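The values are calculated or read from the model by the stated rules, or taken from the named source; none is laboratory data. Model, not experiment: these values are computed from the prediction. Virtual Cβ from ideal backbone geometry, glycine too; neighbours counted across all protein chains shown.
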Amino acid sequence: MCSSSFPRTGWRRRWPICSARRGFVPTASSPGARGRPRNSGLWRRGSPRSWPKPRCAIPGSKSPGTGFRVAGKGQWLHTASTAALTSYRVSAKRGDLPKGLRGGVIVHDHFAPYYTLPAVRHALCNAHHLRELQTLVDIDKEQWAGQMRDLLIEANESVRAAVALGATELPALVLRTLIKRYNAIVRRGLAFHRDLPPLARQTGARGQAPRRPGHNLLIRLHKFKGDVLRFLYDFTVPFTNNEAERDLRMMKVKMKISGGFRTMAGARTFVCLRSVISTARKQGSNILHTLAANPADLIQALAA
């Protein structure tokens, strides 16, 4: 799953999470509790903030964000993660997206501002889809949702089996069958919602007619089919975004213990140190030696 916990406001409030692939940097965004901002992550030149500047989205990088209290005010903690690198930063803006990414794939949960990033491709986090589909099965009893849930799980297992055998792509027949089943389920779901009575519209309401959650999800699955199924075509694109959430977990533990930071300078120092510690752990380096090392040497080692 993309996250180890769920927002208290209910399943309809999804956690925007994005994951960068192919290059040297990740980005992402995900909301914290009670309306605090979401995240986005970016490597910059310097210590963690000044490590090699990303030129493209990284394969296997993920990054969520969460609410962060600094000087009594709500801020946003952003994290960008790969299997080898982690970067945290604090920002006052929810939609503070990374700049300068070129090429690669950004994996996120359909947080709309990510589609404004130029020169990158997109993939949608299917852990979010599985949660929404399961809710539609349990609460709304929509049959198509269970079928789509099972298909996504089966597709992920097929990719994992192919990777275990050393393959770089699915057999053509398997791929065609999965896509054909996906299209059929979406068509059945859309037909199901077309036959339902329209939702009541509030007096004086403007804009498009209200839709049910399942209908909205179907439209997304139909319109962004290529992004939903990108993991089938490119085995470097992840199915979920667990790594970034794991990187964020210790930061949330810190917030639960202290409640926040008194100054922005203190918060930035803390996230800088945590970026170094997390990256050193992923690199298999001695954490104490890394903290005591010359930052220029660390930057050169990471860029190598």
Exercise for the section: Take the range 68-84 and flag every residue that is crowded, with 24+ Cβ neighbours inside 10 Å and either among the polar types (S, T, N, Q) or more than 11 Å from M264 (Cβ to Cβ) (or both). Expected result: W76, L77, H78, T79, A80, S81, T82
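To keep it simple, each residue is scored yes or no on (1) surrounded by 13 or more Cβ atoms within 10 Å (Cβ to Cβ); (2) outside the structural domain of R246 (by TED's automatic domain parsing); (3) under 17 Å from P238 (Cα atoms).
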{"position": "L97", "(1), (2), (3)": "yes, no, no"}
{"position": "Y115", "(1), (2), (3)": "yes, no, no"}
{"position": "D138", "(1), (2), (3)": "no, yes, no"}
{"position": "W144", "(1), (2), (3)": "yes, yes, no"}
{"position": "D150", "(1), (2), (3)": "yes, yes, no"}
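To keep it simple, each residue is scored yes or no on (1) under 23 Å from H128 (Cβ atoms); (2) not β-branched (V, I, T).
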residue	(1), (2)
R160	yes, yes
L165	no, yes
A172	no, yes
R187	yes, yes
N242	yes, yes
V253	no, no
T263	no, no
Fill in the blank from the handout: Over the range 102-158, the set of residues over 15 Å from T240 (Cβ atoms) and of a type in the set (A, V, I, L, M) is A112, L117, A119, V120, L136, V137, I139, A145, M148, L151
Exercise for the section: Output the residues belonging to the range 247-263 that are buried (at least 16 other Cβ atoms within 10 Å of the Cβ) and either modelled with pLDDT of 90 or more or not in a loop (DSSP other than H, G, I, E, B) (or both). Expected result: D247, L248, M251, K252, K254, M255, F261
Exercise for the section: State which residue is surrounded by the fewest Cβ atoms within 10 Å (Cβ to Cβ) when the search covers only the range 289-304 and only residues that are of a type outside the set (A, V, I, L, M, F, W, C) and under 14 Å from I277 (Cα atoms). Expected result: H289
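Every residue, every condition in (1) assigned to a helix (DSSP H, G or I); (2) at pLDDT 85 or above, yes or no:
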{"residue": "V90", "(1), (2)": "no, yes"}
{"residue": "K93", "(1), (2)": "no, no"}
{"residue": "Q134", "(1), (2)": "yes, yes"}
{"residue": "R160", "(1), (2)": "yes, yes"}
{"residue": "V163", "(1), (2)": "yes, yes"}
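Return yes when G103 is out of contact with any helix residue (DSSP H, G or I) (no Cβ under 6 Å at 6 or more places or on another chain) and surrounded by fewer than 22 Cβ atoms within 10 Å (Cβ to Cβ) and no when it is not. Please lay out each step first, then the result.
Working: out of contact with any helix residue (DSSP H, G or I) (no Cβ under 6 Å at 6 or more places or on another chain): yes; surrounded by fewer than 22 Cβ atoms within 10 Å (Cβ to Cβ): yes.
Yes; evaluated as a whole, the condition is true for this residue.
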Exercise for the section: Please indicate, with yes or no, whether at least one residue in the range 87-99 is among the small types (G, A, S), touching a strand residue (DSSP E or B) at 6+ places or on another chain (Cβ under 9 Å) and closer than 30 Å to Q283 by Cβ. Expected result: yes
